[in-house]
Amino acid sequence: MTKSRWEQYKEKNGVTPLDALNPKTKKASKELSENRYNICLVCPELINLTKQCKQCGCIMSVKTKIQNAACPLKKWEEVNRLDAQNSATIFINMPSYKDPEIWDTVDHFISNAKFPERVYFGITVQDNDIEFNISEALKRKNVLIDSLKPGTIIGCQPARKNSHKFYNKQDYYLNMDSHMRAVQNWDTLIIKDFEDLELKKGKSVMTGYVNSYDVDKDGRSILNKETPWIFYMSEQNVLTFKNNGILQMCPKHSDHVEPVLSPYISGHFFFARGKYVERVKFVEEITFIEEELFMAVRFFTAGYNIYIPSNTYVFHRYGRPNRELIWDDFPEKFYPASEASKNFSINVLENNIIDEEKGLFSERTLEEFETYASITFKTRELGTNIINGNEPSYIK
């Protein structure tokens, strides 16, 4: 699809002239607008008489005050990046099903944030004690919750979509599970690395199966700070894909010291700008195991790069004893929904269904993803790169 001139203009400049007239347009801080303007004052592209830019035609005393504005020559990138680190907000989307660790997880992320007042939670919890969870949410700042009876929502993406209703234009978006832990100052560390990544690689999503943690007999968290993990496919993963068209991947340790490209997105950890997730929406027809590949293809075809970071910000508890599972509690609901989800995913991926709401985007093609990931959906063929966990080839 050919972009309009205004769409192309906004892509280069972050805003259009109409944004300056919109009272809902987010304003930049005084410090950021002044730093931008000082850069413009010494730029040869500035028309001194009118203080307009020759490149974009904007009056710079106005444009520099708009938060999402960008310099078409990319001269503001460093000051924008520093501002993002110093004032950014993070929205955490957290679905939960009968998880006794949920409030320990929330508290751990709050207590380990450098700026806890800038961290916001949107939670969908399914648990028998509805009132208890509502009361726990009310004890904490910036926590919004939908407390539901178990079985009200079936599947990960529907629950994530439900939690997304609490999103309120925060700058960044962290999708995670309710049994996780965080390093000290995780919020500033992850924003810094994300901004550095985008400065070098362009629009991106950070993801991965993160390092694990456990809980000792006294309830203390034991964090396993090992080398980063990447994705690969076991023999069983390969057979499952060839037999039923659903691709799953496993984690293995890696010694990478820089972010590496990924063909896959983890459901329990992905981090991006909030506006990226607003664009690449959760799809309620996708319920469980197919969501990670499905998200990867949607973000990729929407033009975003997918990277596994080399640093650790969060931890996930993979083996939880005595956990209660929705497919055990409601098999009559879960398995039909799961089967419908698999068929939905296979249809989109094998038939190249372009649909920005529930299918693929058109910034990149499905064929480009297949080349990138070394996979062919229609014939269910896999290359050695995706099986062995080799880094995909970069595609613009």
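FYI, it's all coordinate maths here, none of it is from the lab. What you see is a predicted model, and the numbers here were worked out from it, not measured in a lab. Neighbour counts are summed over all protein chains in view; Cβ atoms, including those assigned to glycine, are modelled from backbone coordinates with ideal geometry.
For the cross-link pairs 24/342; 63/281; 98/141; 10/281; 54/281; 252/281, the ones whose C-alpha atoms lie over 31 Å apart are 24/342; 54/281.
If contacts are Cα pairs under 8 angstrom and at least 6 residues apart, what is the relative contact order of the stretch 88-316 in percent?
Details: 450 pairs, mean separation 59.0, N = 229.
In percent, rounded to a whole number, it is 26.
For the stretch 45-55, putting each phi into the Karplus relation 6.51 cos²θ - 1.76 cosθ + 1.60 with θ = phi - 60° gives couplings of 7, 7, 7, 4, 5, 9, 6, 9, 8, 5, 6 Hz, in residue order, rounded to whole numbers and with x for Gly and Pro.
As a rough guide to protection, the peptides 6-18, 336-348 ranked by mean Cβ packing within 10 Å, highest first, stand as 336-348, 6-18. Dividing the mean sequence gap of close Cα pairs (under 8 Å, 6+ apart) by how many residues the stretch 153-258 holds gives a relative contact order of 16 percent.
Would you please classify the overall shape of the stretch 88-316 from the alpha carbon gyration tensor, given that a ≥ b ≥ c denote the square roots of the eigenvalues, rounded means a/c under 1.5, and beyond that prolate means a/b larger than b/c while oblate covers the rest?
rounded
Relative contact order of the chain, taken over Cα pairs closer than 8 Å and 6 or more residues apart, is 16 percent. Placing R0 at 45 angstrom, the Cβ-Cβ distance between residue 135 and residue 318 gives a FRET efficiency of 0.95 after rounding to 0.05.
Indicate the gyration tensor shape class of the stretch 182-281 (rounded, prolate or oblate), computed on the Cα atoms with a ≥ b ≥ c the square roots of the eigenvalues: a/c under 1.5 is rounded; otherwise a/b larger than b/c is prolate and the rest oblate.
Numbers: a/c = 1.75, a/b = 1.08, b/c = 1.62.
Since a/c reaches 1.5 but b/c is at least a/b, the shape of the stretch 182-281 is classed as oblate.
The GluC sites (Glu not before Pro) of the stretch 195-293 that meet both conditions, a loop assignment by DSSP and at most 12 other Cβ atoms within 10 Å of the site Cβ, are 226. In terms of packing, defined here as the mean over residues of other Cβ atoms within 10 angstrom, the peptides 157-163, 147-153, 377-383 line up highest first as 157-163, 147-153, 377-383.
Of 253, 340, 276, which is farthest towards the positive pole of the chain's charge dipole, taken about the Cα centre with +1 and -1 on the beta-carbons of Lys, Arg and Asp, Glu respectively? In the chain, that residue is 276.
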